[in-house]
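Visitor: Below is a structure I'd like to ask you about.
The values are calculated or read from the model by the stated rules, or taken from the named source; none is laboratory data. Just so it is clear, the model here is predicted, and its values are computed rather than measured. Methodologically, a virtual Cβ is constructed for each residue, glycine included, from the backbone with ideal geometry; neighbour enumeration extends over all protein chains shown.
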Amino acid sequence: MLHIRDERVRKLLFKGNFGLEKESLRIHPDGTMSHSRDPFSESRNIVRDFCENQTEINTDVETSPEAAVSALYEFTRYIQRELVKLPESEMLWPFSNPPFIRNEDDIPVAIYEGDLASKTEYRNYLSDRYGRYKMTLSGIHVNFSFADELLMADFALSGKSDFQEYKNELYIKLAENATAYGWIITALTAASPLLDSSYVEKGTRGGTTFNGMASTRCSELGYWNYFTPVFDFSSVPAYADSIQKYVDDGLIAAPSELYFPVRLKPRGENTLQKLHDEGVSHIELRMVDLNPLYKEGINVEDLRFIHLLLIWFSSVEPTCYGLKQQVQAAQNFKSAAHYDLKTVKIVSPGGSVYSAVQAGRNLIDSMRDFYSDFPEEVHRILDFEYEKLVDPERRYAWRIRREFADSFLEKGLELARRRQEEAL
């Protein structure tokens, strides 16, 4: 745990590294899916996810939430400028849930050739296993690491002799707490309550569907495997081995198929072997929706809150996590994706059951106690998130449903055009 009461650690506590990944669908102005080849193949920061038309921005590492969000928007602006230059102009769809889809063939699997052809083969495997519709759901991944300057100051107080061993222990406890309590990020950033009717009734266009979720991609209807994974948090090698076992047993084809909101990752190439041998570089959180209410796709206030949450996770003892607690934790993530948080339950690691609203309030109250003697700006961020649990009208999903419920596709297209004009 971080020694936050030590002055040397405390003055460095908010130093960290942030990298954002944002997926967005390229579409035609009439709201149909683009079938053009990826126009950004030369960029190391703009890649494809599942679909050929699903751009993914990978920002460089930045040292503050503000810088990371700013970098994300600069790449978004660049993409928008390039899309209007295409022979048939395109734009970015600003929602996590897709626009009109004719049928599964309307979702173009990303095309890789030559030495990379296996990437297309893998995507075809995912298509057969989960269906292409689910693969169009887009979102934001938050990658975070504590600054080495902070960790070195804390390492000096830890009694450890090996820095990487110290880092591994810190991050495995962070991942354990993020698994236990990370559902609150889903609850507070969910922003995809509506779907075009074509998602649930193939080929129909223009109808608006509300399925009771605030975030379809984070709910039981979204990105989950056909089993509940259980991790070994006793050490980083044991954690990596517990994931590898699902590959060895044939439950998933590769570690990347493990759809779980929290991941530990090594530096550089992301392989389990490298994580096992070289240790943790950073944590990845995969439960943030695209937020169409903000031109960047994310509210920087939410990223600031996530930063506070990760510091707190690293400064409190994790709960001893067995099978029962981990299965409950996975369900908590799905429950937190529901639209009405008063009607779903969260089970704490200790077994207590609360409504999601009350569980969220309890968690932020604990953070308030933890940060009681920190600057007012910290409490302003906590108050901002707490208010979403007091007044549901402050939650993004409720605001989006109110604004777009009468015509998700057409009003979504109006917003997409406005976002492109702003970027230009």
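Visitor: Can you spot a residue in the range 352-375 that is buried (at least 17 other Cβ atoms within 10 Å of the Cβ), closer than 18 Å to Leu2 by Cβ and not hydrophobic (A, V, I, L, M, F, W, C)?
Guide: yes
Visitor: Also, quick follow-up: Show me the strands (runs of 3 or more DSSP E) found entirely inside the range 276-377 where at least 1 residues are under 30 Å from Gln164 (Cα atoms). I'd like the intermediate steps shown before the answer.
Guide: Details: elements: 282-289, 345-347, 353-355.
Result: 282-289.
Visitor: State all residues of the range 1-42 that are charged (D, E, K, R) and in a strand (DSSP E or B); if no residue qualifies, say none.
Guide: Scanning the range 1-42 gives Glu21, Lys22, Glu23, Arg26.
Conditions (1) touching a residue at least 40 places away in the same chain (Cβ under 8 Å); (2) surrounded by 20 or more Cβ atoms within 10 Å (Cβ to Cβ); (3) touching a Cys at 6+ places or on another chain (Cβ under 8 Å), marked per residue:
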| residue | (1), (2), (3) |
| --- | --- |
| Arg48 | yes, yes, no |
| Thr55 | no, yes, no |
| Asn58 | no, no, no |
| Glu62 | yes, no, no |
| Pro65 | yes, yes, no |
| Ala71 | yes, yes, no |
| Arg77 | yes, no, no |
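Visitor: Test of understanding: among Ser161, Ser198, which residue is out of contact with any helix residue (DSSP H, G or I) (no Cβ under 8 Å at 6 or more places or on another chain) and without any contact (Cβ under 8 Å) to a residue 60 or more places away in the chain?
Guide: Ser161
Visitor: Take the residues in the range 1-59 that are over 19 Å from Leu116 (Cβ atoms) and of a type in the set (Val, Ile, Thr); name whichever of them is modelled with the lowest pLDDT.
Guide: By that ranking, first place goes to Ile4.
Visitor: Also, quick follow-up: Residue by residue through the range 240-275, note down the ones that are of a type in the set (Lys, Arg) and not in a helix (DSSP H, G or I).
Guide: Result: Arg263, Lys265, Arg267.
Visitor: Output the number of residues of the range 383-414 satisfying the condition of being over 12 Å from Leu293 (Cα atoms), β-branched (Val, Ile, Thr) and surrounded by 19 or more Cβ atoms within 10 Å (Cβ to Cβ).
Guide: 0
Visitor: Here is a further query. Restricting attention to the range 79-119, and to residues there that are under 29 Å from Asn299 (Cα atoms) and of a type in the set (S, T, N, Q), which single residue is farthest from the chain's Cα centre (by Cα)?
Guide: Ser89
Visitor: Please state which one of Thr204, Thr186, Thr209 is surrounded by fewer than 21 Cβ atoms within 10 Å (Cβ to Cβ), outside any loop (DSSP other than H, G, I, E, B) and among the β-branched types (Val, Ile, Thr).
Guide: Thr209
Visitor: What is the number of the single condition among (1) closer than 25 Å to Leu363 by Cα; (2) crowded, with 19+ Cβ neighbours inside 10 Å; (3) out of contact with any strand residue (DSSP E or B) (no Cβ under 9 Å at 6 or more places or on another chain) that Ala178 does not meet?
Guide: Only one criterion is unmet by Ala178, namely (3).
Visitor: If you scan the range 120-143, which residues turn out to be touching a Phe, Trp or Tyr at 6+ places or on another chain (Cβ under 6 Å), surrounded by 18 or more Cβ atoms within 10 Å (Cβ to Cβ) and either without any contact (Cβ under 8 Å) to a residue 24 or more places away in the chain or farther than 18 Å from Cys218 by Cα (or both)?
Guide: The answer is Arg123, and nothing else.
Visitor: Here's another thing I want to ask about it. Can Pro108 be described as more than 30 Å from Asn17 (Cβ to Cβ), in contact (Cβ under 8 Å) with a residue 24 or more places away in the chain and in contact with a Phe, Trp or Tyr (Cβ under 6 Å, 6 or more places away or on another chain)?
Guide: Numbers: more than 30 Å from Asn17 (Cβ to Cβ): yes; in contact (Cβ under 8 Å) with a residue 24 or more places away in the chain: yes; in contact with a Phe, Trp or Tyr (Cβ under 6 Å, 6 or more places away or on another chain): no.
Judged against the criteria, Pro108 is not a match.
Visitor: Would you mind finding the one in Arg399, Arg380, Arg419 that is under 15 Å from Ala191 (Cα atoms) and under 24 Å from the mean Cα position of the chain (by Cα)?
Guide: Arg399
Visitor: Looking only at the range 41-78, how many residues end up being more than 22 Å from the chain's Cα centre (by Cα) and among the aromatic types (Phe, Trp, Tyr)?
Guide: Looking only at that region, the number is 1.
Visitor: Return the residues of the range 286-305 that are among the hydrophobic types (A, V, I, L, M, F, W, C) and buried (at least 22 other Cβ atoms within 10 Å of the Cβ); say none if nothing qualifies.
Guide: Met287, Val288, Leu290, Ile298, Leu303, Phe305
Visitor: Residues of the range 370-412 being out of contact with any Leu (no Cβ under 8 Å at 6 or more places or on another chain) and among the aromatic types (Phe, Trp, Tyr), which ones?
Guide: Residues satisfying the conditions are Phe370, Phe374, Phe384, Tyr386, Trp398.
Visitor: Right, here's the next one. Being closer than 30 Å to Thr32 by Cβ, touching a helix residue (DSSP H, G or I) at 6+ places or on another chain (Cβ under 6 Å) and modelled with pLDDT of 95 or more narrows it down to one of Ala187, Ala180, Ala240, Ala214, so name that one.
Guide: The conditions single out Ala214.
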